[in-house]
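What follows is a short report on a single structure.
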Amino acid sequence: MNPRSLLDALHTAEKLKDTFRHCHTSGGKQESVADHSWRLALMAYWMRDEFPEVDMNKVITMCLIHDLGECFTGDIPTFHKTSADEEREERLLNDWVRTLPAPHRDEMAALYAEISERKTLEARIFKALDGLEAIIQHNEADISTWEDHEYALNLSYADDRVTFSPYLMALREAIREETRKKIGRDNT
């Protein structure tokens, strides 16, 4: 990528540092989309040995780019996001990706299609980790930041995303146990 194109792309991606998610960190700061994407990529990196047959570099790349559409729309929590919101985000993202130089344009378009289809093991792992990271972050946040519906949501969210992997099902259960302890501890 030539220096000007690289700078333009980085200036767009920088918006995710100031695009806030619904979650808060353990220190009380509202989490940015960049915070989420970074730790999601770190999760994938640390799970390489659990999935030796998988191209984990591809999964890590998916983690890093998956929320770039939120540079244009902001973050809308999953429990508020409509299909119209998803379509708008996808359209704006695709419009931007088409402005990138090859081969990045083509590689990113292919990765977004793979994520959307969820047919490959890499895409399914990415999608599972994306949901699990959000739950972990909620567990780390002060419970006063939770909305009432999140007590039940944190116990069941992403369950359907992990069923293909015994390791991810075990991780989901460990996260669920943290949620139960948090709810019990903070509500006594």
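Rule-based calculations on the coordinates, nothing more; no lab input. Every value quoted in this text rests on a predicted model; they were computed, and no experiment measured them. With ideal geometry, Cβ positions are generated from the backbone for all residues, glycine too; neighbour counts draw on all protein chains shown.
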Seminar exercise, completed: Note: the chain at 25 °C, 0.890 mPa s; Kirkwood Rh on alpha carbon pairs; Stokes-Einstein D in µm²/s works out to 140
Exercise. Using the 10 angstrom Cβ neighbour count as an exposure proxy, how do 35, 49, 160 rank, fewest first?
Worked result: 49, 160, 35
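Which net charge results for the neighbourhood of residue 162, defined as the other residues with beta-carbon distances under 14 angstrom from its beta-carbon, given Lys and Arg at +1 and Asp and Glu at -1?
0
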For this session: Work out the length of the dipole vector of region 9-150 about its Cα centre, built from +1 on the beta-carbon of each Lys and Arg and -1 on the beta-carbon of each Asp and Glu, and round it to the nearest 20 debye.
Result: 340
Exercise. Once the Cα atoms of helix 33-46 and of the chain are each reduced to a long axis, what angle between those two axes, in degrees from 0 to 90 to the nearest 10, is obtained?
Worked result: 80
Problem set entry | Order of 97, 54, 162, 59 under a 10 Å beta carbon neighbour criterion, fewest first | 54, 97, 162, 59
Problem set entry | Charge dipole (region 50-156, unit charges on Cβ, about Cα centre) - positive-most of 72, 56, 113 | 113
Problem set entry | C-alpha long axis of helix 3-13 to longest principal axis of the chain, angle in ° | 30
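Please compute the net charge surrounding residue 32, taking Lys and Arg as +1 and Asp and Glu as -1 over other residues with Cβ under 14 Å from its Cβ.
Once all neighbours under 14 Å are counted, the net charge is -3.
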Exercise. Angle between the Cα long axis of helix 56-65 and the longest principal axis of the chain, 0 to 90 degrees, nearest 10?
Worked result: 90
